[in-house]
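Everything on this sheet refers to the single structure shown next.
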Amino acid sequence: MKPNCLPIASAAPAPRRSRQARVAWGSRVVTVGGDAPVRVQSMTNTDTVDAVATAIQVKELAQAGSEVVRITVNTPEAAREVPYIREQLDRMGIDVPLVGDFHYNGHRLLTEFPGCAQALSKYRINPGNVGKGDKHDRQFAQMIEAAMRWDKPVRIGVNWGSLDQELLARMMDENSRRAVPWDARSVMYEALITSAIDSARSAESLGMDPNQILLSCKVSGVQDLISVYRELARRCDYALHLGLTEAGMGTKGTVASSVAMGILLQEGIGDTIRVSLTPQPGESRTQEVVIAAEILQALGLR
């Protein structure tokens, strides 16, 4: 006998068994992955050298609902201010964990400024920005060693705009020798995924706890993000950070981020998210946090 109504699909996403990382500051521990809820992350757009302005913006983002906040640490001057930013937040009763976003000189900053290394709760490492040739492996290792020394998790964040060019060139050469070569977009997808997973395995070989490694592969196209993360999720069990890079302003960025991340989250892919909006004139930075929370609420994940 046929049913007199359509079967109702479960609203819950299919479970993905990811490792669980711990991002902590003081008594505040934010678990990421495993059976933890999908976490909302955001990033400041202040000059980190301005410790007061940065601390105020971190406070605003945290109060809006951001569970982790990332700050840029790109110069010795910025690294020197990180402990003071943390100190000001603690005085205000804001215990949100801070993530340091490093480029090119992270290995040096984490070594020369131990106060910075200790005050941060997590490090973001871009494999495409840690040097070339022999320097790449050595400087990547220095950052992983700092993470282990201070017991900090890392996010290995690959970005299509700063992809390791030596890796991409090698993969393009390999592709040219295939009987039926892939198209250029497929090669880029594979380079992004390979860079992330190989870097994670390299970190493990250096002694890094695999439960303290998170991955991301940032692209700017909706279909690109969906394709890359589906394959990344299939090939590893690390916790994954979702974000559409250069999403844009206003409704454009909001819609693109909502569509891309909504599809992946419904499939059970993604452990932390960030809506990377370019604020419109006069618009608060907290708008990206509000939208991220609304995406999770719309999916029934919050």
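The values are calculated or read from the model by the stated rules, or taken from the named source; none is laboratory data. Keep in mind that what you see is a predicted model, and the values were worked out from it rather than measured. Neighbour counts run over all protein chains shown; Cβ positions are idealised from the backbone, glycine included. Just the protein is used for accessible areas: all its heavy atoms, side chains included, with ligands, DNA and RNA removed. Shrake-Rupley method; radii C 1.70, N 1.55, O 1.52, S 1.80 Å.
Would you work out what percent of the accessible area of the chain, with all protein chains in place, is carbon or sulfur (probe 1.4 Å)? Mind showing how you got there, number by number?
Numbers: 7140 of 13880 Å².
Heavy-atom surface of the chain belonging to carbon and sulfur, 1.4 Å probe: 51 percent.
If I ignore ligands, DNA and RNA and count only protein heavy atoms, how much of ASP224 is accessible to a 1.4 Å probe, in Å² to the nearest 10?
About 20 Å², rounded to the nearest 10.
How much length, in nm to one decimal, is gained on full extension between ARG302 and ASP90, taken as 0.36 nm per residue of separation minus their Cα-Cα distance? Let's see the in-between values first.
Details: separation 212, 0.36 × 212 = 76.32 nm, distance 2.70 nm.
Extra length available between ARG302 and ASP90 comes to 73.6 nm.
Can you give me the pair-distance distribution of the range 197-237, C-alpha pairs, 5 Å bins, whole percents?
5, 21, 27, 19, 16, 9, 3, 0
Each residue of the range 275-285 in turn: what ³J(HN,Hα) in whole Hz from Karplus with 6.51, -1.76, 1.60 and θ = phi - 60°, glycine and Pro shown as x?
With the stated coefficients, the range 275-285 comes to 8, 8, 8, 8, x, 6, x, x, 7, 6, 5 Hz.
May I ask for the Rg/Rh ratio of the chain, computed from Cα atoms with Rh as the Kirkwood radius, given to two decimals?
On the way: Rg = 19.5 Å, Rh = 19.8 Å.
The Rg/Rh ratio comes out at 0.98.
Note down the magnitude of the dipole of the chain about its Cα centre, charges +1 on Lys and Arg C-beta and -1 on Asp and Glu C-beta and zero elsewhere, to the nearest 20 debye.
Details: 34 positive and 34 negative charges, 122 e Å.
It comes to approximately 580 debye.
For the range 139-149, take each phi angle, set θ = phi - 60°, evaluate the Karplus expression 6.51 cos²θ - 1.76 cosθ + 1.60, and give the result in whole Hz per residue in order, putting x for glycine and proline.
Result, ordered by residue: 6, 4, 4, 4, 6, 5, 5, 5, 4, 5, 4 Hz.
Modelled label-to-label distance, ASP237 and GLU77, 7 Å Cα→beta-carbon offset: nm?
4.7 nm
Counting other Cβ atoms within 10 Å, keep those with at most 16, restrict to DSSP loop, and tell me which trypsin sites (Lys or Arg not before Pro) in the range 109-194 are left.
Details: sites: LYS122, ARG124, LYS132, LYS135, ARG138, ARG149, ARG155, ARG170, ARG177, ARG178, ARG185; in loops: LYS132, ARG177, ARG178.
Those that pass, being in a loop and sparsely packed, are LYS132, ARG177, ARG178.
Modelled label-to-label distance, ARG178 and GLN63, 7 Å Cα→beta-carbon offset: nm?
5.2 nm
From largest accessible area down, sort ASP151, ASP50, ASP271; use a 1.4 Å probe on the protein chains. Walk me through the numbers before you get to the answer.
Working: ASP151 120, ASP50 75, ASP271 15 Å².
Ranking ASP151, ASP50, ASP271 by accessible area, largest first, yields ASP151, ASP50, ASP271.
Quick one: if you stick a label point 7 Å off each Cα along the C-beta vector at TRP150 and SER27, how many nm between them?
Those two pseudo-labels are separated by 2.4 nm.
Treating cross-link reach as a plain straight distance, find the lysines whose alpha-carbon is under 26 Å from the alpha-carbon of LYS122, omitting any fewer than eight places away in the same chain.
Straight-distance partners of LYS122: LYS59, LYS132, LYS135, LYS152, LYS218.
At 222 nm, what helix-only mean residue ellipticity would the chain give, in deg cm²/dmol to the nearest 500, using -39500 (n - 2.57) for each DSSP H run of four or more?
Working: 10 runs with 136 residues, N = 302.
The per-residue figure over the chain is -14500 deg cm²/dmol.
To the nearest whole percent, what portion of all C-alpha pairs in the range 192-275 is separated by more than 18 angstrom? Don't skip to the answer; put the middle values down first.
Working: 1418 of 3486 pairs.
Summing the P(r) of the range 192-275 above 18 Å gives 41 percent of all pairs.
What are the radius of gyration and Dmax of the range 151-302, computed over its Cα atoms and given in Å?
16.5, 54
Taking a probe of 1.4 Å, how large is the accessible area per residue of the chain, in Å²?
On the way: 13880 Å² over 302 residues.
Accessible area per residue: 46 Å².
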